[in-house]
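The values are calculated or read from the model by the stated rules, or taken from the named source; none is laboratory data. From a predicted model like this one, the values you see are computed outputs, not experimental measurements. Note that each Cβ is placed from the backbone with ideal geometry, even for glycine, and that neighbours are counted across all protein chains shown. In case anyone asks, the SASA skips ligands and DNA or RNA and just uses the protein heavy atoms, side chains included. Shrake-Rupley method; radii C 1.70, N 1.55, O 1.52, S 1.80 Å.
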Amino acid sequence: MSTDPSRGYSTIHHLPFENRELRHQVGYGGRDPDEDTFETAYRPAETILDVTDQNRAYHHAQGEIVNTVQDARHTVRSASVGDIIEIVYPSGRREFHLVDAIGFTELEFEPPAEPTHATSSKHPAST
């Protein structure tokens with residue numbers, strides 16, 4: 001995938017529904033994922049170009065927006081409790097935010113060496 005890091009982007013990482021026990025622990029059991037869990041259990045699902053705010057990324061990941069720039073509808077499943085939003089700023093700094101039942105928790109862990117990208121990417125929809 002081609003991204004322009006000078007503009008920043010967000011990647012939504014899904015914790016697969018098939019991993020019910022871990023999803024329950026992370027989403028409702030008070031367990032924050034660590035680096036190993038992030039790298040082994042999570043899958044990048046969608047990258048949203050030019051978005052460096054977890055609230056906007058979450059909103060875009062809900063399928064509420066029709067992307068008129070690419071004339072497309074959102075086709076990846078919505079972000080859910082326990083998923084992670086990776087923000088990559090134009091400076092290269094990265095943050096990881098766990099989707100909670102209400103809001104987000106910033107995760108404090110060492111990210112993988114390279115930012116991750118989903119095979120699905122989109123520009124924010126023009127409204």
Only one of (1) modelled with pLDDT of 90 or more; (2) under 23 Å from ASN19 (Cα atoms); (3) open to solvent by less than 40 Å² (accessible area, probe 1.4 Å) is not met by GLU95, so which one is it? (2)
Here the residues within the stretch 26-44 that are at pLDDT 85 or above and not β-branched (Val, Ile, Thr) are ASP32, PRO33, ASP34, GLU35, ASP36, PHE38, GLU39, ALA41, TYR42, ARG43, PRO44
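Condition check: modelled with pLDDT under 90, over 13 Å from the mean Cα position of the chain (by Cα) and among the hydroxyl-bearing types (Ser, Thr, Tyr). Does THR3 satisfy that? Don't jump to the end; show me each part of the working.
Working: modelled with pLDDT under 90: yes; over 13 Å from the mean Cα position of the chain (by Cα): yes; among the hydroxyl-bearing types (Ser, Thr, Tyr): yes.
The answer is yes for THR3.
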Within the stretch 24-55, the residues that are in a loop (DSSP other than H, G, I, E, B), open to solvent by less than 60 Å² (accessible area, probe 1.4 Å) and touching a helix residue (DSSP H, G or I) at 6+ places or on another chain (Cβ under 8 Å) are PRO33, VAL51
